[in-house]
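This report refers to the structure that appears directly beneath it.
Derivation of every value follows stated rules applied to the coordinates shown; laboratory data play no part. Predicted model, so just to flag it, every value in this text is computed and none were measured. Cβ placement follows ideal geometry from the backbone for every residue including glycine, while neighbour counts extend to all protein chains displayed.
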Amino acid sequence: MNRCLALAFSAMIVSLPASSDAEDVTRPFTLSVGESVLGHTLEAGYRFNNRFGMRGMYGNGSTSIDTSIEGNTYDGDVALGGFGLIFDYYTSSNAFRLSAGAITLDHVFDGATTGSTIVNGTAYTAPLNVNARFDRSLAPMISMGVQTPIRNSRFVFTGDLGVVYTGSASAIGSDPTNTISQSDIDAELSDINETLDDLPIAPFVKVGIGFSF
């Protein structure tokens, strides 16, 4: 999903005119819907003037994921969601912006190994169920983005591309068949948590269509 969002954002940036139509701040409010790393996203924004604005957003959704961690392949679902508060500084083009703020991270991964499972160096036929989530409930973020009218109408395109400091994440696991020894599970989870701690930054991507008034 992140790759699709990034491609959509990049395509719109390329298609924008070099000196984009100035956003009409006589219509300072914007409501938009779209997609982001928080899932399906609803956003409300307000422009104080040509330079400064702020936005609040809410996201919710889910996605299926196949990933490899510590040599095992996991098949599962990620529940997405969270709130965000973002402050914007618009450049002289009045469409491009630099942003900073914070978002909550209500993401949860639930999955299980597929095929042969290697746990602490031992091969098992039983699956290992894993539940993982971020330890940090509030994460700072920075981004660059754009908000520009579509064909001089009240409809606007809005997009952001940046990074979120997610900090560490933690995983817990279990074997529903009671085949894998608990000591092996604990050792495997320790390795997984060390891997998750090495990924403190995640991409922040959002694209949407809105209406200004």
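A few notes on this one:
- Between segment 61-76 and segment 101-124, the alpha-carbon center distance in angstrom: 6 Å
- Within segment 84-176, the trypsin sites (Lys or Arg not before Pro) that combine a DSSP coil assignment with at most 13 other C-beta atoms in a 10 angstrom radius are 151, 154.
- Helix 2-15 vs. the chain, principal-axis angle (Cα, 0 to 90°, nearest 10): 20 degrees
- For the chain, a simple Cβ point-charge model (Lys and Arg +1, Asp and Glu -1, everything else neutral) yields a dipole of about 1460 debye relative to the Cα centre.
- Nearest-ten-degree value, helix 182-197 long axis tilted from longest Cα axis of the chain: 20 degrees
- Computed [θ] at 222 nm, deg cm²/dmol, the chain (DSSP H ≥ 4; -39,500 (n - 2.57); rounded to nearest 500): -4500 deg cm²/dmol
- Relative protection proxy for 111-118, 181-188, 142-149, from highest mean packing down: 142-149, 111-118, 181-188 (other beta-carbon atoms within 10 angstrom).
- Remark: relative contact order (segment 55-210) = 19 percent; criterion is Cα-Cα distance under 8 angstrom and separation of 6 or more residues.
- Correct option for P(r) over Cα pairs in 5 Å bins from 0, in percent [calculated from the coordinates] among (i) 1, 6, 14, 18, 19, 16, 11, 7, 4, 2, 1, 0; (ii) 1, 7, 14, 17, 15, 11, 9, 8, 6, 5, 3, 2, 1, 0; (iii) 1, 8, 17, 21, 22, 17, 10, 3, 0, 0: (ii)
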